[in-house]
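Next up is a structure, given as structure tokens.
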Amino acid sequence: MCILKITDDDDNTTSYSLKDYSILENDNELLLTLNSDDKIIKYAIRSDTREPNLSSIKQFITQQLDCAFSNEEAFVVSEYLQRMYIFIGSDDDRRQFTANRVE
């Protein structure tokens, strides 16, 4: 288990105990599902000019999650959903992706 920290558009940070995750890939997007004890959070992540390859996006996110679980660190998501993107990762290894929340 690790900590999931999500900072929203209004700069409010919420923390959850992250139990597990899944990343499903289809033709033009990834569906990232983050499961905590009391909430399921889903993001649809798409390739763009900054990150054109879905496989490398998936690899980066998987690496970040595996590292968070193995080192009991936080998995950090910063949401800028009004502009349709999120940042994933810590300050020293952080990437921006075109994304939106899926309800």
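What are the pairs, 6+ residues apart or on separate chains, where a residue within region 65-76 that is more than 15 Å from residue 33 (Cα to Cα) and part of a helix (DSSP H, G or I) has its Cβ under 8 Å from a residue that is among the small types (Gly, Ala, Ser) and at pLDDT 95 or above?
Pairs found: 68/74.
Select from region 1-22 the residues that are without any contact (Cβ under 8 Å) to a residue 40 or more places away in the chain and more than 18 Å from residue 94 (Cα to Cα) and write down the one among them that is surrounded by the fewest Cβ atoms within 10 Å (Cβ to Cβ).
Taking region 1-22 first, the residues without any contact (Cβ under 8 Å) to a residue 40 or more places away in the chain are 10-14, 16-17, 19-20, 22.
Among the residues that remain, those that are also more than 18 Å from residue 94 (Cα to Cα) are: 10, 12, 14, 16-17, 19-20, 22.
Numbers: 10: 6, 12: 9, 14: 11, 16: 18, 17: 13, 19: 13, 20: 11, 22: 10.
If we take residues in region 1-22 being without any contact (Cβ under 8 Å) to a residue 40 or more places away in the chain and more than 18 Å from residue 94 (Cα to Cα), then 10 is surrounded by the fewest Cβ atoms within 10 Å (Cβ to Cβ).
While we're looking at this one, here's another question. Only residues that are part of a strand (DSSP E or B) and closer than 23 Å to residue 59 by Cα: list them for region 1-15, please.
We begin by selecting, within region 1-15, every residue part of a strand (DSSP E or B); these are 2-7, 13-15.
2, 3, 4, 5, 6, 7, listed by residue number.
How many residues are under 16 Å from residue 88 (Cα atoms), part of a strand (DSSP E or B), touching a Phe, Trp or Tyr at 6+ places or on another chain (Cβ under 7 Å) and touching a residue at least 24 places away in the same chain (Cβ under 8 Å) when one looks only at region 29-58?
3
Any idea how many residues of region 68-86 are touching an Asp or Glu at 6+ places or on another chain (Cβ under 7 Å) and of a type in the set (A, V, I, L, M, F, W, C)? Let's see the steps before the verdict.
In the first step, residues of region 68-86 are kept if they are touching an Asp or Glu at 6+ places or on another chain (Cβ under 7 Å); the result is 79-82, 86.
Filter once more, keeping what is of a type in the set (A, V, I, L, M, F, W, C): 81, 86.
Number satisfying all stated conditions: 2.
The values are calculated or read from the model by the stated rules, or taken from the named source; none is laboratory data. Everything quoted here is computed from the prediction, not taken from an experiment. Cβ sites come from the backbone with ideal geometry, for glycine too, and all protein chains shown count toward neighbours.
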